[in-house]
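Worksheet: the structure to be examined is printed underneath.
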Amino acid sequence: MRKLVEVKLENIVKTFGETVALKGIDLHIKHGELFTLLGPSGCGKSTTLRIIAGLDFPDKGRIFFDDQEVTYLSSSERGAVLVFQNYALWPHMTVYDNIAYGLKIKKLPKDEIEKKVRWALQLVKLEGFEDRYPTQLSGGQQQRVAIARAIVVEPKLLLLDEPLSNLDAKLRLEMRSEIRRIQRELGITVLYVTHDQEEAMAISDRIAVMNVGTVEQVGTPREIYEKPKTEFVASFMGKTNVIPAKVVEREGDKVTVEFEHFRLEGLTYTDKSDKVVIVIRPERISLHPIENAVKLEGKVDLIEYYGFFIEVVGMFGETRIIARTISDKDVMSLKPQGPVTFYINRDDILVLPKQL
Amino acid sequence: MKVSKWSEKLFGTPLFEPLVSFSYLFPLLYIVVFLIIPVLAMLAIAFSHEGHFSLYWFKSILTSSYYVQFPPQGDFAIKTVTATGETVYLIRGIDFGVVINSLVVAALVTLLASLMGTIFAFIMARYEFKGKNFFRIALFIPLLVTPFVNAYVIKKMFLDTGLINYIFYELLHILPFRIKIDGLAGVVLAQAMTYYPIVYLNAYASFINIDPTLEEQAENLGSKGFHLFRTVTFPLALPGIAAGATLVFIFSLEDLAAPIVFQGDPLAKKLMSYQIFSKFLYGLGERSPEIAALSIIMLTLAVLAFLGIRKYVSLRQYAMLSKGGRWKPRVSKPKPWQAAIIYVVLLPLLLLTIFPQIGVVLLAFSKQWSVTVMPQGFTTEYVKQMLFNPDVRRYIINSLMYSAAAVVLIVLLSVTSSYATSRFKGVLTPVLESLVIIPIAVPGIVVAMGYFYFFSQVFPNTPLDPTNIFSFNPAFVLILAYSIRRLPFSARSVYAGLQQVHVSLEEASMNLGASRWKTVTGILLPLISLNVFGGAMLSFVYSMSETSVGITLGSLNMQYAPITAFMKDIMMSAAGSAQLAAALGVLLITVQILSIVLVNIITKQRYAFIGLT
Ligand SMILES: Nc1ncnc2c1ncn2[C@@H]1O[C@H](COP(=O)(O)OP(=O)(O)OP(=O)(O)O)[C@@H](O)[C@H]1O
Ligand SMILES: [Mg+2]
């Protein structure tokens, strides 16, 4: 049996009473990929996962594992193992029995079950905890038991619903690379859900950014970060400047846009809508002159010191724009309410249709 | 105020406050004096022989073949052939001796009730089917208490000419012969039919409270069908089911109504509850310490079951671990074979178990019920008698007054005890917590015997002395007994109410300068008034139908007897009429339905019956 599985979702629609949780989702997750669903709370991540796991069934659309349609296959026959957002540990079973559950169902011999459970316990660093009950574990330990319970059955598709949300920062980083390592080692396809963009970037081969029941963009972390296709994706991927503006001139795919009294020429934009936002990452704004760049003159509102970088918040008319630098020198000459000039390469300015 | 070490230790507050001390001490002393000491008085009698401490009575009980008999005697079923050539199997059960019979009956009743209760609870919690609402309502009907008449109707159902044979032998031909169920077997059936909804309610609550993701996870890992039920669903519901089952065990052990109704068969008399009852009632004057010893044995069994289950349940109180999971109840449409079971097996079963209550109503309006399937002839004579006969009216008024007086005490006891145990953590807190709940585990007949010995010794030759044949007035004793026996119903409700009110509300009031008294009466009581009301109503209803003490101590002076003592009299005596008793049963049912509907409307909460934890 080949383990790697490829997952295809075609136009999945799911409603709960009045709420449309998923409005026609298409996804293609490739063999052995670690694919992440990223989006804010309530956007439909868990619903998507549950539908893939066979715990809910879509109102419309189809699901394929490799070439086999599984849309209405029951969860117990699907082999897509889900780690629930709330862990769903059985309180009447010990850690050992929780982890061994799936293996017992597969009717593995006793000593093999024992071996595998030990292996899984070691993987999640919970050796010695096998006789405890879930209530006797901390939130993070419970979460790790849930992960072990899923991994131990070596599923062809592993679905993780915010599996690290309850861990402290250090453990989270550790587990993150553990998951990555396990995934490579076992060669399983993993669908990972999180609302933490940094986590998504760090762990994923590819990311799908979701917003109220739709997929806004699918791509590698770099693509999503550098070339967001929509205002939502841009604003969701970390702190960024999103400035409402208007297209005032077009020439082929080059446009001139205007916000406040600033005119920015020679930007690339192809959509028809004239209402736009310009998106500029703070770290792409320079505080010292660069050739051929767009120049914005305003005044300093705030200077914020974050340790390894410094943020300068400038006011340009009524618009606040944040620049980020790692150089103390850049800010030495600045003072609150004093003048400041931001320099931005045209390539670093994204123009996207206004959306929100 | 000065700091008091004692207060801190006992009551959990360093400042000695009269109201707090009262809240602890009043219920504590009340239960000690009116429950613990009477039981101890009985203990003293049971353990003494010819003036010495001795195990004589226990030895004499446990070595007599009347009480313990191995191997058992008698045939489980006896085949007879009637004049018309029909075969009838008479099923009565076998005789292990009184003590073991009680255990066997209670165990069988518990088993049957648990099976039925769990199955009904499971389909109600997990399936969506036509007629579910009918099931929901019908499942409450067996809980309507009609002492004696209920068991009487069940006895009629299982006669060789009764409803069961009519349906399964005459109409459907499922039975190849007629059956007649009597004796211990009859008692088992009657109790199982009456008590299974207790398991149902507890089990239903358990199934409903299982975090759905726990089952989904199991399914997701490949489990399904019965495996899923066996490994996840059932173990998670088990604490609730076991709590309900234990209640049934205790109720069966102490039940008097079924053995009294089935006493036409001598085998039905060979139960501890009945033995204590009859030896007490017909022993007159010189009541042997054997009764006390038997009561102690019964009490021990009930308390052991009770403590066992409390321990077990507290160990496995699965606070569901769920965090942030969405609560999507797991209800589905039954598969065809499951639907078939629901409609072909469970529905008829349900209908049979609510028939006793229907039968009571029919009986109240009928001329006679001898060997027919249903009662015959319509008349309102008995209902009129109940309403207008001054003697009958007197019993009703007695019961109303005693119950009302008991409720006043119960409210006071439950408010004080719940206030103390929910707000302060002293050494006395767990003691009081247990004392308030322990009456559930003390069989009514044991309370009655305890009171008998206690009051005859402590208040000899007063109207409180049950042996004072001509001037004993049971009013006081009955009110005490009701207030103790029904206290847990109300205390639970009030305690739940207090848990809903955050302490900060009281702290704010005291912080603004209000006294403790003012805070409790002005802030707390209004906030929990609905819970107090709900608990009071339940206690009232179940005081009205209290049986064990009513038909023993209560019947020593019929002038002051409660309604249940009168019902027992007319059911047992040859001259009495089951119809009048049924009419009184209808009255009780009406009071119960009205109260529960009223409580549900006013408090907007579902009050039904007591659980154990
Ligand atoms: N069983 C349900 N009944 C009703 N509405 C539901 C149900 N499950 C999900 N929804 C709704 O569907 C939408 C998507 O929910 P979903 O749980 O998939 O979000 P999510 O992206 O996982 O959010 P979070 O990050 O908070 O877990 C929400 O608006 C939610 O309220
Ligand atoms: Mg979610």
Taking Cα atoms only, Rg over Rh for region B:156-248 with Rh from the Kirkwood formula is 1.20
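Charges at C-beta only: +1 for Lys and Arg, -1 for Asp and Glu. How large is the resulting dipole of the protein assembly as shown about its Cα centre, in Debye rounded to 20?
1080 debye
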Scattering from the C-alpha atoms of region A:101-176 alone, worked out with Debye: what is log10 I(q)/I(0) at q = 0.14, 0.16, 0.24, 0.27 1/Å? -0.46, -0.60, -1.23, -1.40
All aspartates and glutamates inside 19 Å of B:Lys270 as judged from Cα atoms, apart from same-chain residues fewer than 8 positions distant: B:Asp75, B:Asp95, B:Asp182, B:Glu254, B:Asp255, B:Glu290
Measuring from the lowest to the highest alpha carbon on each principal axis, how far does the protein assembly as shown reach, largest first, in angstroms? 118, 80, 58
Along Cα→Cβ, 7 Å out, is where each label goes; now give me the distance between the ones at B:Phe70 and A:Glu258 in nm to one decimal. 10.4 nm
Gaussian network model of chain A, Cα within-10 Å springs - most flexible of A:Glu291, A:Glu283, A:Glu249: A:Glu291
Highest-MSF residue in chain A out of A:Asn166, A:Asn292, A:Asn98 [GNM, Cα springs under 10 Å]: A:Asn292
Would you calculate the separation in nanometres between label points at B:Ala107 and B:Ala339, each defined as 7 Å from the Cα along the Cα-to-beta-carbon direction? 4.1 nm
Quick calc of log₁₀ I(q)/I(0), region A:24-138, Debye, one scatterer on every Cα, no solvent, q values 0.10, 0.11, 0.17, 0.22 1/Å, result -0.41, -0.50, -1.03, -1.26
Calculate the radius of gyration of the Cα atoms of region B:1-151 to one decimal place, then report Dmax, the largest Cα-Cα distance, as a whole number, both in Å. 26.8, 89
Volume per residue (Å³) of the convex hull spanned by the alpha carbons of region B:416-549 is 132 Å³
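Ratio to report: Rg/Rh of chain A, with Cα atoms as the point set and Rh obtained by the Kirkwood method; give two decimals.
Over the Cα atoms of chain A, Rg/Rh equals 1.07.
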Straight-line reach check, A:Lys354, cutoff 22 Å on alpha carbons, 8 or more apart in-chain or any other chain, hits among lysines -> A:Lys23, A:Lys227, A:Lys229, A:Lys239, A:Lys246, A:Lys254, A:Lys272, A:Lys275
Dipole of the protein assembly as shown (Lys/Arg Cβ +1, Asp/Glu Cβ -1, origin at the Cα centre): which of B:Ile167, A:Thr214, B:Leu281 lies farthest to the positive side? B:Leu281
With label points set 7 Å from each Cα along the Cα-to-Cβ direction at A:Leu334 and A:Thr135, the distance between them in nm comes to 5.5 nm
Estimated [θ] at 222 nm from DSSP helical runs (n ≥ 4, -39500 (n - 2.57)) normalised by residues in the protein assembly as shown, nearest 500: -15000 deg cm²/dmol
Please identify, among A:Asp196, A:Asp26, A:Asp328, the residue showing maximal mean-square fluctuation in a Gaussian network model of chain A using a 10 angstrom Cα cutoff. A:Asp328
Dipole of the protein assembly as shown [Lys/Arg +1, Asp/Glu -1 at C-beta], most positive-end residue of B:Thr379, A:Phe236, A:Pro353: B:Thr379
Take a quick pass over region B:78-230 and tell me how many lysine pairs come in under 22 angstrom between Cα atoms, counting only ones 8 or more apart or on separate chains. 5
Total charge of the residues flanking B:Gln69 in space, meaning their Cβ is under 12 Å from its Cβ, with Lys and Arg +1 and Asp and Glu -1, is 0
Dipole magnitude (debye, nearest 20) for region A:193-282, charges at Cβ of Lys, Arg, Asp, Glu: 100 debye
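Hey, could you grab the Kirkwood Rh for region A:97-246? Inverse mean 1/r over distinct alpha carbon pairs, Å, one decimal.
17.3 Å
For region B:197-270, give the magnitude of the charge dipole about the Cα centre (Cβ charges: +1 Lys/Arg, -1 Asp/Glu; no others), in debye to the nearest 20.
Dipole of region B:197-270, to the nearest 20 debye: 260 debye.
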Sequence-distant lysines (8 or more away, or on other chains) whose Cα lies within less than 24 Å of B:Lys5: B:Lys425
In percent, what relative contact order does region A:39-196 have, based on Cα pairs under 8 Å that are 6 or more apart in sequence? 27 percent
Between the Cα axis of helix A:95-105 and the main Cα principal axis of chain A, the angle (0 to 90°, nearest 10) is 70 degrees
Result: in region A:29-120 the number of Lys pairs with C-alpha under 15 Å apart, spaced 8 or more or on different chains, is 6
Dipole of the protein assembly as shown [Lys/Arg +1, Asp/Glu -1 at C-beta], most positive-end residue of A:Gln141, A:Pro289, B:Val199: B:Val199
How large are Rg and Dmax for chain B when calculated on the C-alpha trace, in angstrom? 25.4, 89
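Any read-out appearing in this document is the output of simple, stated calculations on the displayed coordinates, not a laboratory observation. For clarity, every value in this text was computed on a predicted model and none was experimentally measured. Every residue, glycine as well, gets a Cβ built from its backbone with ideal geometry; the counts of neighbours run over all protein chains shown.
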